[in-house]
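Visitor: For reference, the structure I am asking about is given below.
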Amino acid sequence: MKKIKFWIRRNFGFSQRHTNGFLLLLSIVVLAISAPFIFYKNPSQYNPAQDQAELDSLVAQLERQPEAEKYAKYSKYPKVEAPTAKSVKVKLYPFNPNTFTSDEWLTLGVSRFTANNIIKYRDKAGGFKYKEQLQRIYGMSPETYQSLEPYIQLPNTVERNQRDPEKQYTTKKYPEFPRSGGGTRPKYRLAAFDINTADTTELKKIRGIGTKLSDRIVKFRDKLGGFTQPAQLADVYGLSPEVLDSLQKYTFIQPDFNPKQLNLNTATYEELRQHPYMNYNLARLIIAYRTQHGPYQTVDALRSIKQLKEEQFQKLKPYLQL
C-alpha cells in the first residue's frame, strides 16, 4: 500500500492527505460498480412446472378410473342435482321447512348441496313465509319441488293473492282522494321488471334500495354476466333479508336469457380473475392447465382441477364456453 501511495504522489503530485482521499474515493467507486453483481439476484418468476406436474398426475388417475367414479373422490358432493322423490325411495310426510335441519331434508330425498342452500336462505331471509319461496333455492329442481309441495305446511302465494293477483306487486295501499277534475286518484302499483336490464333508477323504486345498493347490484350483475337464478341475488354484498325478498318478488329473469360467457380457451388471466365466482388461484390453474394440455375440449374438463369444488363449478358453468 505504501508503494501505491508513493507512486500516486510521484506521478500526480498529490500530498499525503490528497492521496488518502483519492484512494478512499477510488474504493467507493469500485464498491458502487461491483455492488449490483454482488447483491442483485434475479426476481423469482412464476414457474408452472409444479402445477402442471400435479395436474398431469390427477388426469392420469382420472383416466384409470371408471367413468362413474371419476369425480367422486375429488368432490365434496358427488352430485349437484337434487334427487327427486321418484328416483329415491323416500316416505314423504307433512313438514315445516322453517324447523327442518339439514339432515332431515336428506330424508325427503333432497341432496346435501340443496339442503345447505335451503338452510342458508332460510337464515338470511328470516324463515319461509310461503311455499313458492322454496322454488328460489339454488339446486331445487322443479320435479323435486312438485313432489314436496303438497306436504309443505305453509300458505301458497297464489291462494294468498287469489282475490286480486295484482296486489302481489302493490308496494303500499294508498287511500283514494277526490281529484280536482273528478274521479279518484289511481293506486300506485310497482310492476315487476327484468333484473338483467334494470338500471339504478328502477332498482331504487324498491323500498330499502338506495343509490349505493342499486349501484352495487348493477356492478355485480355486469361483472357476473347477468343473473340466471333469482337465488344469485343473495351473492350481492350488503342486501338485508327484507330487501332480498323484495327483489325476488318484484323482479324476474327472462326464460330465454343467455348470460355473458367467458371463453376458456381465449380468456386472459385478468378476465378470469375478475369474475365474481372466480379467484386468482383458480384463474392461474385454468391458464396452467390450458398451457400444458392445449385447448379445453369441454367445459366439464375443468373438473380435472381438484381445487375447483363441485359447488363452485356448478355456479361457474353457465358463464363458460369454448
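Only the coordinates and a few stated rules stand behind these numbers; no lab work does. Fair warning: this is a prediction, and the values are worked out from it, not measured in the lab. Glycine gets a Cβ as well: all are built from the backbone with ideal geometry, and neighbour counts include every protein chain shown.
Visitor: Mind listing the phi-derived Karplus ³J(HN,Hα) values for segment 246-259, rounded to whole Hz, using 6.51, -1.76 and 1.60 with θ = phi - 60°, and x for any glycine or proline?
Guide: Taking θ as phi minus 60°, the curve returns 5, 4, 6, 7, 9, 10, 8, 10, 4, x, 9, 5, 10, x Hz for segment 246-259.
Visitor: Then there is this: Mind checking the full-extension length gain between TYR93 and ALA60? Use 0.36 nm per residue of separation minus the Cα-Cα distance, one decimal, nm.
Guide: Result: 7.3 nm gained on full extension.
Visitor: While we're here: Quick one: which residues, 5 or more positions from LEU320 or on another chain, have an amide H under 5 Å from its amide H? H modelled 1.01 Å from N in the peptide plane, none for Pro or chain starts.
Guide: Result for LEU320 returns LEU262.
Visitor: Compute the FRET efficiency between TYR237 and GLN274 as 1/(1 + (r/R0)^6), taking r as their Cβ-Cβ distance and R0 = 22 Å, and round to the nearest 0.05.
Guide: The calculated FRET efficiency here is 0.90.
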